[in-house]
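Undergrad: I have a structure here, written as structure tokens, and I will follow up with some questions on it.
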Amino acid sequence: MKTYTGKNVEDALKQAAQDKQVTIKELSYKVLEESKGFLGIGSKAVIRAYCRKDICLFIKEYLDKFFTGIDLQVDVKVQEQNDFYTVLLNSDNNALLIGKNGQTLQSINEVVQLATSGEFKRRVRTLTDVNGYKEEKYQKVCALAMRVAKTVQRSKTDALLDPMPADERKAIHNCLMKVKGVSTVSEGEGHQRRLKIVYNPDKK
């Protein structure tokens, strides 16, 4: 992240906004140094500032460097919407990027999310996908969850799904949100975290 120096924080922010061609409201920043000077003379402020475009650029450059390092040619595109970052990957060997049951793809996403969050000192939410794999996976896990939910409705017995990543659990939660008679709760820790579909007669 770049630093900017001005007579005060407002002046430094103006410089950052002009440099990045965004409004001041679009900036996130941290004051590194601020001195008032004597009678206003010699006052100084140093800030570190970034915008959402910087996060997109960091993710792309990070992955470009990573894939170059392992001698794998991958096209990387990063899209941002409402402070959520979707990373789209494509290569001549997408199966290698996805891995067994999407495990390699999930690991890539975790590394990207950790690196980006560490760089910008805040939680950055990312989703990494390869050629629409994730969207297809959401459809499959939601279809499975719907079948299980109907069984729970009939049997009035809770059912526990296999462990899955947070984004897939969220997709199922959203899918079953309006289904009568069942609710979803998460159980377990880390990679063993899973959803339980619970019989809930009070949910109409």
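The values are calculated or read from the model by the stated rules, or taken from the named source; none is laboratory data. Given the structure is predicted, the values throughout are model-derived calculations rather than measurements. A quick note on method: Cβ atoms are made from the backbone with ideal geometry, for glycine too, and the neighbour counts reach across all protein chains shown. These accessible areas exclude ligands, DNA and RNA; they are computed on the full protein's heavy atoms, side chains included. Shrake-Rupley method; radii C 1.70, N 1.55, O 1.52, S 1.80 Å.
Undergrad: Is it the case, given these coordinates, that Leu32 is aliphatic (A, V, I, L, M) and open to solvent by 20 Å² or more (accessible area, probe 1.4 Å)?
TA: yes
Undergrad: Oh, and also: Return the total of residues in the range 141-174 being over 19 Å from the mean Cα position of the chain (by Cα) and either of a type in the set (Asp, Glu) or at pLDDT 95 or above (or both).
TA: Here the count works out to 22.
Undergrad: Going by what's in this entry, would Ala45 be described as more than 30 Å from Gln106 (Cβ to Cβ), open to solvent by less than 30 Å² (accessible area, probe 1.4 Å), among the small types (Gly, Ala, Ser) and in a strand (DSSP E or B)?
TA: yes
Undergrad: Now a separate question. Only one of these conditions is not met by Lys150: (1) within 23 Å of Glu110 (Cβ to Cβ); (2) part of a helix (DSSP H, G or I). Which number is it?
TA: Unmet for Lys150, out of (1) within 23 Å of Glu110 (Cβ to Cβ); (2) part of a helix (DSSP H, G or I): (1).
Undergrad: Still on this structure, please answer the following. In this structure, is Gln79 at pLDDT below 95 and either in a strand (DSSP E or B) or closer than 30 Å to Asp167 by Cα (or both)?
TA: Against the criterion (at pLDDT below 95 and either in a strand (DSSP E or B) or closer than 30 Å to Asp167 by Cα (or both)), Gln79 does not qualify.
Undergrad: Inside the range 94-131, can you point out the residues that are polar (S, T, N, Q) and open to solvent by less than 70 Å² (accessible area, probe 1.4 Å)?
TA: Asn94, Thr104, Gln106, Ser107, Asn109, Gln113, Thr116, Ser117, Thr126, Thr128
Undergrad: Going by the conditions given, is Lys140 among the charged types (D, E, K, R), closer than 30 Å to Ile172 by Cβ, out of contact with any strand residue (DSSP E or B) (no Cβ under 9 Å at 6 or more places or on another chain) and not in a loop (DSSP other than H, G, I, E, B)?
TA: yes
Undergrad: Scan the range 132-175 residue by residue and report those that are open to solvent by less than 30 Å² (accessible area, probe 1.4 Å) and of a type in the set (Lys, Arg).
TA: The one that is open to solvent by less than 30 Å² (accessible area, probe 1.4 Å) and of a type in the set (Lys, Arg): Lys134.
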